[in-house]
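K.L.:
Submitted below is the structure of interest, expressed as structure tokens.
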Number of protein chains: 2
Amino acid sequence: MILLDGKKTAADIKEEIALEVNELKNKGGKIPHLAAVILGDNGASITYVNAKVKACERVGFGSTLIRLSENTSEEALLNEIAILNADPEIDGFIVQLPLPKHIDDQKILMAVAPEKDVDGFHPTNVGKMALNLPTFISATPFGILELLDRYNVETSGKHVVVLGRSHIVGSPMSILLSQKRKVGNATVTMCHSRTKNLKEITLQADIVIAAIGIPEFLKADMVKDNVTVIDVGITRLVDASKKSGFRLVGDVAFEEVAKKSEFITPVPGGVGPMTIAMLLKNTLLACQRNS
Amino acid sequence: MILLDGKKTAADIKEEIALEVNELKNKGGKIPHLAAVILGDNGASITYVNAKVKACERVGFGSTLIRLSENTSEEALLNEIAILNADPEIDGFIVQLPLPKHIDDQKILMAVAPEKDVDGFHPTNVGKMALNLPTFISATPFGILELLDRYNVETSGKHVVVLGRSHIVGSPMSILLSQKRKVGNATVTMCHSRTKNLKEITLQADIVIAAIGIPEFLKADMVKDNVTVIDVGITRLVDASKKSGFRLVGDVAFEEVAKKSEFITPVPGGVGPMTIAMLLKNTLLACQRNS
């Protein structure tokens, strides 16, 4: 069993990006600059957005954090986005989700200029992804592709079973892995809550991508020997034996499934840490494309 | 065995559209207007585009056919598109493919205003399709959904196997049928040239969608009893016994597969006739959305 170490891989990627930024500096080129917009005081969102800003600083990117009140009107937010769209210093920016209820998420995502949409959430970028055209692939799917690539996990001709059809992970993964691309060319089965005989299907999988948000859903008796497992789930379970009072678990019963796996991602430390690294990668790409 | 009669269904849809146009006329509303742009003298393309224009006339739509020389520059074509984008009389328009080699298809498709892109080829519309947002679903996938719907073919929880990953048919079908929608909620396996053990997979299918362009590829021994088969292929085979000197065959060995099928589309007369009907439907939608 080989652990797909997202923490280490993300650190490698950040190091590579830092080297590229250094080179850009030496050449007098434009340094990538990411902006993040956040509304309100949700603790988890602030922690996450701060981690993104800090990651920018560590690799040498410019970064701007725009904190707006929870009560910001949709119009004011659209205006902020228009300013970022027009600012040549800003290569890419994100609007941290979730947004307050009085704001229409979709309207906001549509307002971000596709060439600065480093989250890859704009329909134009999703469409380009589906058409296998150059775009920004959103951070989690992009991170999974990168992990599979760096560990040389063969996907061509393999049977991939994706669990969960979310627009953020399951659906793009099923699209990407079936495409003609380096990490791709797989036969992909997309499963979800309406799927019948799920176990029959997962037992056929060479690679399982679990993204349903049900803790320890995938058990050892649902996979064949030498399976590769990508666990996208992350749930906090109360655990009195831990100092913190909780533990993080994925969608995979790790201990038992790991025994049957050729490759498997841990939780935490698997797919999670890859996302910020891929956001940085997209920002670097945006800077290169715009210059 | 029940034949999924595309010819009849398409005629029904056109009749319904004609009734809606009549109502619009009576109310003094805007009548839908489709424009088609075609470059050069390719016989098949002209036949096809003429059929679209004629279909418009029959249902009472306005229509405009813009025939340009094979030698039209990319710039001139982009200019023509800009005029159509700006013309409030035109609700939707299509640029007939293939385009001459000196023109970049993707650049042209990107230039069509998404709200007039009734072919549904613009990345923004493909992205909205992938995100299950209101959009124009392109004619062939839209026609297949409509056929399944009108014959009440159950898709929810069924195992759909899609053969062929083209951007025009296979890929959007796999996306659409796995979504939470009336004709959807299926477990979908996307197969293509790199798929191994294909027969093992098709034998599990409740519904097969064959879109690979290999005549009579799907044989009876590859499907289970009571399968539903959608045949998107259409190939001309030389046949001296026919007056025309050829016959049209699909991707399915119809005679033998039909015997095992619950529902099956014939070729010709199945998916084919649905495409123009769905183009008209998209044009009607465009007109309703713009007014």
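The values are calculated or read from the model by the stated rules, or taken from the named source; none is laboratory data. Here the structure is a predicted model, which is why all the values come from computation and not from measurement. Positions of Cβ are backbone-derived with ideal geometry, glycine not excepted, and every protein chain shown enters the neighbour counts.
K.L.:
Within segment B:11-33, restricting attention to residues that are of a type outside the set (G, A, S) and not in a helix (DSSP H, G or I), which residue is surrounded by the most Cβ atoms within 10 Å (Cβ to Cβ)?
P.N.:
Step one: filter segment B:11-33 for residues of a type outside the set (G, A, S), giving B:12-17, B:19-27, B:30-33.
Applying the additional criterion that residues be not in a helix (DSSP H, G or I) yields B:30-33.
On the way: B:K30: 15, B:I31: 15, B:P32: 30, B:H33: 20.
So, considering only residues that are of a type outside the set (G, A, S) and not in a helix (DSSP H, G or I), the one surrounded by the most Cβ atoms within 10 Å (Cβ to Cβ) is B:P32.
K.L.:
Taking A:M173 as the residue in question, decide whether it is within 11 Å of chain B (Cβ to nearest Cβ) and either surrounded by 24 or more Cβ atoms within 10 Å (Cβ to Cβ) or of a type in the set (K, R) (or both). Quick ask: steps written out before the conclusion?
P.N.:
On the way: within 11 Å of chain B (Cβ to nearest Cβ): no; either surrounded by 24 or more Cβ atoms within 10 Å (Cβ to Cβ) or of a type in the set (K, R) (or both): yes.
Considered against the rule, which asks whether it is within 11 Å of chain B (Cβ to nearest Cβ) and either surrounded by 24 or more Cβ atoms within 10 Å (Cβ to Cβ) or of a type in the set (K, R) (or both), A:M173 comes out as no.
Residues checked against (1) of a type outside the set (S, T, Y); (2) in contact with a Ser or Thr (Cβ under 6 Å, 6 or more places away or on another chain); (3) over 22 Å from A:R165 (Cα atoms):
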site: A:T189; (1), (2), (3): no, yes, no
site: A:D239; (1), (2), (3): yes, no, yes
site: A:G272; (1), (2), (3): yes, no, no
site: A:A277; (1), (2), (3): yes, no, yes
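K.L.:
Could you tell me which residue of segment A:105-119 is nearest to B:M110 (Cα to Cα), considering only residues that are surrounded by fewer than 24 Cβ atoms within 10 Å (Cβ to Cβ) and within 12 Å of chain B (Cβ to nearest Cβ)?
P.N.:
Among those residues, the one meeting the criterion is A:P114.
K.L.:
Which residue out of B:K25, B:K8 is of a type in the set (D, E, K, R) and either over 26 Å from B:D149 (Cβ atoms) or in contact (Cβ under 8 Å) with a residue 24 or more places away in the chain (or both)?
P.N.:
On the way: B:K8 fails: either over 26 Å from B:D149 (Cβ atoms) or in contact (Cβ under 8 Å) with a residue 24 or more places away in the chain (or both).
From the options B:K25, B:K8, the qualifying one is B:K25.
K.L.:
Is there any pair with a first residue in segment A:78-90 that is modelled with pLDDT of 95 or more and a second that is among the small types (G, A, S) whose Cβ atoms are under 6 Å apart and which are 6 or more apart or on different chains, and what are they?
P.N.:
What qualifies is A:L78/A:A111; A:I81/A:A111; A:L84/A:A35; A:N85/A:A113; A:I90/A:A35.
K.L.:
Could I ask something else about it? Looking only at segment A:176-187, count how many residues are farther than 15 Å from B:P172 by Cβ and facing chain B (nearest Cβ under 7 Å).
P.N.:
The number of residues fulfilling the criteria is 2.
K.L.:
While we're on this one: Looking only at segment A:176-225, how many residues end up being buried (at least 17 other Cβ atoms within 10 Å of the Cβ), at positive phi and free of Cβ contacts under 8 Å to residues at least 12 places away in the same chain?
P.N.:
So the count comes out to 0.
K.L.:
Restricting to segment B:244-291, what's the tally of residues that are basic (K, R) and closer than 23 Å to B:E20 by Cβ?
P.N.:
So the first thing to find is which residues in segment B:244-291 are basic (K, R), and the list is B:247, B:259-260, B:281, B:289.
Narrowing the set further to residues that are closer than 23 Å to B:E20 by Cβ leaves B:281, B:289.
Residues that pass the stated criteria total 2.
K.L.:
Do the conditions hold for A:T187, that is, is it more than 16 Å from the chain's Cα centre (by Cα) and polar (S, T, N, Q)? Give the steps one after another, and end with the answer.
P.N.:
On the way: more than 16 Å from the chain's Cα centre (by Cα): yes; polar (S, T, N, Q): yes.
In short, yes.
K.L.:
Now for a different question. Check A:F217, A:F263 and return the single one that is under 23 Å from B:K180 (Cα atoms) and away from chain B (no Cβ under 14 Å).
P.N.:
A:F217
K.L.:
Here is a further query. So which residues in segment B:191-234 are under 23 Å from A:A205 (Cβ atoms), of a type in the set (G, A, S) and touching a Ser or Thr at 6+ places or on another chain (Cβ under 8 Å)?
P.N.:
Listed by number, the list holds a single entry, B:A205.
K.L.:
If you check A:G143 against the conditions, is it surrounded by 18 or more Cβ atoms within 10 Å (Cβ to Cβ), in contact with a His (Cβ under 8 Å, 6 or more places away or on another chain) and in the same structural domain as A:E262 (by TED's automatic domain parsing)? Can you show your working first?
P.N.:
On the way: surrounded by 18 or more Cβ atoms within 10 Å (Cβ to Cβ): yes; in contact with a His (Cβ under 8 Å, 6 or more places away or on another chain): no; in the same structural domain as A:E262 (by TED's automatic domain parsing): yes.
Against the criterion (surrounded by 18 or more Cβ atoms within 10 Å (Cβ to Cβ), in contact with a His (Cβ under 8 Å, 6 or more places away or on another chain) and in the same structural domain as A:E262 (by TED's automatic domain parsing)), A:G143 does not qualify.
K.L.:
Go through A:D206, A:D225, A:D221, A:D119 for me and flag whichever is at pLDDT 95 or above and either in the same structural domain as A:V95 (by TED's automatic domain parsing) or under 14 Å from the mean Cα position of the chain (by Cα) (or both). Step through it out loud before you land on a result.
P.N.:
Numbers: A:D206 fails: either in the same structural domain as A:V95 (by TED's automatic domain parsing) or under 14 Å from the mean Cα position of the chain (by Cα) (or both); A:D225 fails: either in the same structural domain as A:V95 (by TED's automatic domain parsing) or under 14 Å from the mean Cα position of the chain (by Cα) (or both); A:D221 fails: either in the same structural domain as A:V95 (by TED's automatic domain parsing) or under 14 Å from the mean Cα position of the chain (by Cα) (or both).
Just one listed residue meets the conditions, A:D119.
K.L.:
Moving on to the next point. Go through segment B:188-201 and report how many residues are farther than 18 Å from B:A211 by Cβ and more than 8 Å from chain A (Cβ to nearest Cβ).
P.N.:
From segment B:188-201, those farther than 18 Å from B:A211 by Cβ are B:196-197, B:200; that's our starting set.
Right, trim to more than 8 Å from chain A (Cβ to nearest Cβ) and you get B:197, B:200.
Result for segment B:188-201: 2.
K.L.:
Yes or no: segment A:235-244 includes at least one residue that is away from chain B (no Cβ under 14 Å) and buried (at least 19 other Cβ atoms within 10 Å of the Cβ). Spell out how you get there, then give the answer.
P.N.:
As a first pass, look at segment A:235-244 and keep what is away from chain B (no Cβ under 14 Å): A:235-244.
From what's left, buried (at least 19 other Cβ atoms within 10 Å of the Cβ): none.
So far as segment A:235-244 goes, no, none of its residues is away from chain B (no Cβ under 14 Å) and buried (at least 19 other Cβ atoms within 10 Å of the Cβ).
K.L.:
Take B:V153 and tell me if it is in a loop (DSSP other than H, G, I, E, B), touching a Phe, Trp or Tyr at 6+ places or on another chain (Cβ under 7 Å) and assigned by TED's automatic domain parsing to the domain that holds B:N226.
P.N.:
Working: in a loop (DSSP other than H, G, I, E, B): yes; touching a Phe, Trp or Tyr at 6+ places or on another chain (Cβ under 7 Å): yes; assigned by TED's automatic domain parsing to the domain that holds B:N226: yes.
Yes: the conditions hold for B:V153.
K.L.:
For the condition in a helix (DSSP H, G or I), farther than 19 Å from A:E115 by Cβ and among the β-branched types (V, I, T), what is the one hit in B:I90, B:I108? Outline the logic, then answer.
P.N.:
Values: B:I90 fails: in a helix (DSSP H, G or I).
None of the others qualify; the one that does is B:I108.
K.L.:
Could you list, in sequence order, the residues of segment A:267-291 that are out of contact with any Gly (no Cβ under 8 Å at 6 or more places or on another chain) and surrounded by 15 or more Cβ atoms within 10 Å (Cβ to Cβ)?
P.N.:
Restricting attention to segment A:267-291, the residues satisfying the condition of being out of contact with any Gly (no Cβ under 8 Å at 6 or more places or on another chain) are A:268, A:276, A:279-281, A:284-285, A:288-290.
Within segment A:267-291, A:P268, A:I276, A:L279, A:L280, A:K281, A:L284, A:L285 qualify.
K.L.:
One residue is enough: does segment A:120-129 have a residue meeting the conditions more than 14 Å from chain B (Cβ to nearest Cβ) and either of a type in the set (D, E, K, R) or surrounded by 16 or more Cβ atoms within 10 Å (Cβ to Cβ) (or both)? Even if it seems obvious, please write down each step before you answer.
P.N.:
Looking only at segment A:120-129, we keep the residues that are more than 14 Å from chain B (Cβ to nearest Cβ), and these are none.
Within segment A:120-129, none of the residues are more than 14 Å from chain B (Cβ to nearest Cβ) and either of a type in the set (D, E, K, R) or surrounded by 16 or more Cβ atoms within 10 Å (Cβ to Cβ) (or both).
K.L.:
Hey, among the residues in segment A:58-85 that are among the hydroxyl-bearing types (S, T, Y) and over 19 Å from A:D104 (Cβ atoms), which one's surrounded by the most Cβ atoms within 10 Å (Cβ to Cβ)? Even if it seems obvious, please write down each step before you answer.
P.N.:
First, the residues of segment A:58-85 that are among the hydroxyl-bearing types (S, T, Y): A:63-64, A:69, A:72-73.
Subset that is over 19 Å from A:D104 (Cβ atoms): A:63-64.
Details: A:S63: 19, A:T64: 16.
Per the stated criteria, the residue is A:S63.
K.L.:
Take the residues in segment A:160-170 that are surrounded by 19 or more Cβ atoms within 10 Å (Cβ to Cβ), of a type outside the set (V, I, T) and in contact with a helix residue (DSSP H, G or I) (Cβ under 8 Å, 6 or more places away or on another chain), then tell me which one is nearest to the other protein chains (Cβ to nearest Cβ).
P.N.:
Let us first name the residues in segment A:160-170 that are surrounded by 19 or more Cβ atoms within 10 Å (Cβ to Cβ), namely A:160-165, A:169-170.
Right, trim to of a type outside the set (V, I, T) and you get A:163-165, A:170.
Narrowing further to those that are in contact with a helix residue (DSSP H, G or I) (Cβ under 8 Å, 6 or more places away or on another chain): A:163-165.
Numbers: A:L163: 11, A:G164: 11, A:R165: 6 Å.
Only one residue fits best here, namely A:R165.
K.L.:
Answer yes or no: is there a residue in segment A:96-103 that is within 17 Å of the chain's Cα centre (by Cα), under 23 Å from A:L34 (Cβ atoms) and buried (at least 22 other Cβ atoms within 10 Å of the Cβ).
P.N.:
No.
K.L.:
Taking B:V118 as the residue in question, decide whether it is in contact (Cβ under 8 Å) with a residue 60 or more places away in the chain and β-branched (V, I, T).
P.N.:
Numbers: in contact (Cβ under 8 Å) with a residue 60 or more places away in the chain: yes; β-branched (V, I, T): yes.
It is true that B:V118 is in contact (Cβ under 8 Å) with a residue 60 or more places away in the chain and β-branched (V, I, T).
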